[in-house]
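S.K.: First, the structure itself, so that you have it in front of you.
Derivation of every value follows stated rules applied to the coordinates shown; laboratory data play no part. These numbers were taken from a predicted model, which means no experiment stands behind them. With ideal geometry, Cβ positions are generated from the backbone for all residues, glycine too; neighbour counts draw on all protein chains shown.
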Amino acid sequence: MRKLHTLLGLTMLLAAAPGWAQTQRMAIPSYFGPGPLWTKLGAAAPRVGLAIINPNSGPGDAVRADYVAQVKATQARGVTVLGYIHTSYGKRPLSEVQSEIEKFHRWYGVSGIFFDEVTNDDADLPYYLQCKAAARVIQPKAVVVINPGTPVTEGYMNAADVVVTFESDYPAYLKRAPDAAWVAKYPAARFFHLVLAVPTVANMHTAARLSKQRHAGWVYFTPDTLPNPWDTLPEGAYWTGELAALGGR
């Protein structure tokens, strides 16, 4: 996905969405430029609750006025906008991560950070605890999302408000193994599933039913495929059907 909260930050999201504990919401890796797709995304609030800006595999080298305007417009619709930062599976220097966090807050006024390319074992957990702390230096209430894309050890729940515990295609989602028992101790709003290459509306509804059973409070399903499944939004009946599927749990 390269080209592609402490509880305080999570409380902000819950407070912004009454009844969220009983429903799912969509969180979108919106790796497309400002314009009509962002307008469509914003118009779907509050069903759409999170979006991620990714100007250039991160904030880029210079501020972009079109993204500044787009973030403000999307936030005005009630969508929480995060900035994308890759961590190279715990290998990226923390100084680089800190620099990009500062750029996202200073240039774009984001509400938090989405950390990508995240590991899932305890050996790297101290690194991600430092990433979360860095995200909160400038903005103490920043929302922090991490993306291992796989199940994690329970310690990772201390490294973010929301953890992406699945990112793969529809066939893999059908075969996904049950979560560890400890997952049920946490609100569904702490877990996020990303399912790509979901070919039909019927398949999407199957994935939505499974995601509810699997305790995922944040979801996104797309028919788009690799190499970049996050460069557009679903259309027509697929989009309206996905929004409708985010009803009661």
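S.K.: Let me have the 222 nm mean residue ellipticity of the chain computed from DSSP H runs of 4+ only, each contributing -39500 (n - 2.57), with the sum over all residues rounded to the nearest 500.
M.R.: -9500 deg cm²/dmol
S.K.: Testing the spin-label approximation: label points 7 Å from Cα along Cα→Cβ at THR150 and VAL63. State their distance in nm.
M.R.: 4.0 nm
S.K.: Show me the ranking of peptides 192-198, 86-92, 156-162 by mean Cβ neighbours inside 10 Å, starting with the highest.
M.R.: 192-198, 156-162, 86-92
S.K.: Moving on. Work out, step by step, the length gained on full extension between GLN213 and ALA237: first 0.36 nm times the residue separation, then minus their alpha carbon distance; give nm to one decimal.
M.R.: 6.3 nm
S.K.: Still on this structure: To make sure I understand the rule: partners must be aspartates and glutamates, Cα under 14 Å from the Cα of LYS103, and not fewer than 8 residues away in the same chain. Which ones qualify?
M.R.: Leaving aside aspartates and glutamates fewer than 8 places away in the same chain, those within reach of LYS103 are ASP61.
S.K.: Which pairs break 31 Å Cα to Cα here: LYS40/LYS91; LYS72/LYS132; LYS132/LYS185; LYS91/LYS141; LYS40/LYS212; LYS72/LYS185?
M.R.: Cα-Cα > 31 Å for LYS40/LYS91; LYS72/LYS185; rest within.
S.K.: How big is the range 7-245 by Rg and Dmax over its Cα atoms, in Å?
M.R.: 16.5, 46
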